[in-house]
Amino acid sequence: MLLVWALAGLLAGVFLYHAIGLLGWTLSRSRMRADDYDGALRWLRWTSFGMPGVKLLCDEGLILCQAGRLAEAERVCRKGLAKLKDDSAYPRLDSVLGFVFLDGGHYGEAEQSFQCAIEAGEQTGSSYSGLAELALVQGAEAEKALAYTAQGIARAQRLPGGRVHWAHHMNQAWALALLGRDDEARESLALALGDPAPVSSASGVAERHWRAGLALLALRQTEEARKHFRMGKDADPRGKYGRRCKELLRTTA
């Protein structure tokens, strides 16, 4: 009987731990929708009881990356990687670290992290999106970016439901515009902007406008691009995409 009560207590403890973790994630996402990065991080950390697992560290790293706090984001991602066993993998963590390196201008490390995520089985195609962005920001790599985008779209379409994230179409539009394939670029941009899936954070809203603005700049539609940059700046004033939009408004004036 004592063993039964002990097992019941253990199961209850495990259930409570996961329930609190889910609550922390939910409340963190609500703060992200409000452009409150510090609040989002607080909820994640408070509900981890000082013992964050790999998934929580990945979520924390992503929030820090979106806030533009790259040194902290890299440290958290590396802490998560150190927790992984030699025979295990968590591809999303490598993908997040790839974006941290990309934002910091460490392009070789970024490419390596994205490739590690792909090799480890990352399914959503976000690492292909990262590789496409990496090719685009380095300049004169539009063909390579287009190839990565096609791979990312194909990977996403193989998932249940086959939903393609709008970022793939944004990268596609940007690359096509740089290649002078304007009509195709406008079609991809329309697909991205017409995606009915809700954007779950202020950072996501600003990212969408930032990517749209870059595609429109490549299409030589500066005033339309500036409209998107203004919306991105207003949506995410505390995050990296809002700051990028603000800078582009200054440089395209």
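The values are calculated or read from the model by the stated rules, or taken from the named source; none is laboratory data. Keep in mind that what you see is a predicted model, and the values were worked out from it rather than measured. Here the Cβ positions follow ideal geometry from the backbone for every residue, glycine too, while neighbour counts run over all protein chains shown.
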Any residue at all in region 99-115 that is touching a residue at least 60 places away in the same chain (Cβ under 8 Å), within 24 Å of G204 (Cβ to Cβ), touching a Cys at 6+ places or on another chain (Cβ under 8 Å) and crowded, with 17+ Cβ neighbours inside 10 Å? yes
Residues (touching a residue at least 40 places away in the same chain (Cβ under 8 Å) and among the aliphatic types (A, V, I, L, M)) located in region 29-69: M32, A34, A67
Some residue of region 178-198 being closer than 18 Å to F99 by Cα, crowded, with 18+ Cβ neighbours inside 10 Å, touching a residue at least 40 places away in the same chain (Cβ under 8 Å) and not aromatic (F, W, Y): no
Does A6 satisfy the criteria of being at pLDDT below 90 and crowded, with 21+ Cβ neighbours inside 10 Å? no
Residues that are under 19 Å from W210 (Cα atoms), at least 2 per element: which helices (runs of 4 or more DSSP H) completely within region 61-153 meet that? 91-103, 126-137
When residues of region 199-222 are limited to those that are without any contact (Cβ under 8 Å) to a residue 12 or more places away in the chain and within 22 Å of the chain's Cα centre (by Cα), the one farthest from R250 (Cα to Cα): V199
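This table checks each residue for (1) surrounded by 15 or more Cβ atoms within 10 Å (Cβ to Cβ); (2) within 22 Å of T124 (Cβ to Cβ); (3) at pLDDT 80 or above.
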residue	(1), (2), (3)
F15	no, no, no
W25	yes, yes, no
R33	yes, yes, no
L44	yes, yes, yes
F49	no, no, no
D59	yes, yes, yes
C65	yes, yes, yes
L70	yes, no, yes
R92	yes, yes, yes
So which residues in region 156-177 are surrounded by fewer than 22 Cβ atoms within 10 Å (Cβ to Cβ), in a helix (DSSP H, G or I) and in contact with a Ser or Thr (Cβ under 8 Å, 6 or more places away or on another chain), if there are any at all? A156
Could you please let me know if I153 is among the β-branched types (V, I, T), under 26 Å from I63 (Cβ atoms) and buried (at least 18 other Cβ atoms within 10 Å of the Cβ)? no
Report the residue count in region 125-150 for those that are under 17 Å from the mean Cα position of the chain (by Cα), surrounded by fewer than 19 Cβ atoms within 10 Å (Cβ to Cβ) and under 21 Å from G194 (Cβ atoms). 0
Name the residues in region 110-140 that are among the polar types (S, T, N, Q) and more than 15 Å from H168 (Cβ to Cβ), would you? Q112, S113, Q115, Q138
Filtering region 229-239 for residues that are touching a Gly at 6+ places or on another chain (Cβ under 7 Å), surrounded by fewer than 24 Cβ atoms within 10 Å (Cβ to Cβ) and either closer than 21 Å to A142 by Cβ or touching a residue at least 40 places away in the same chain (Cβ under 8 Å) (or both) leaves a count of 1
Take the conditions in contact with an Asp or Glu (Cβ under 8 Å, 6 or more places away or on another chain) and crowded, with 18+ Cβ neighbours inside 10 Å and apply them to A215. Does it pass? no
When residues of region 195-250 are limited to those that are modelled with pLDDT under 95 and of a type in the set (S, T, Y), the one nearest to M32 (Cα to Cα): S201
Test result for L216, in a helix (DSSP H, G or I), touching a Ser or Thr at 6+ places or on another chain (Cβ under 8 Å) and not acidic (D, E): yes
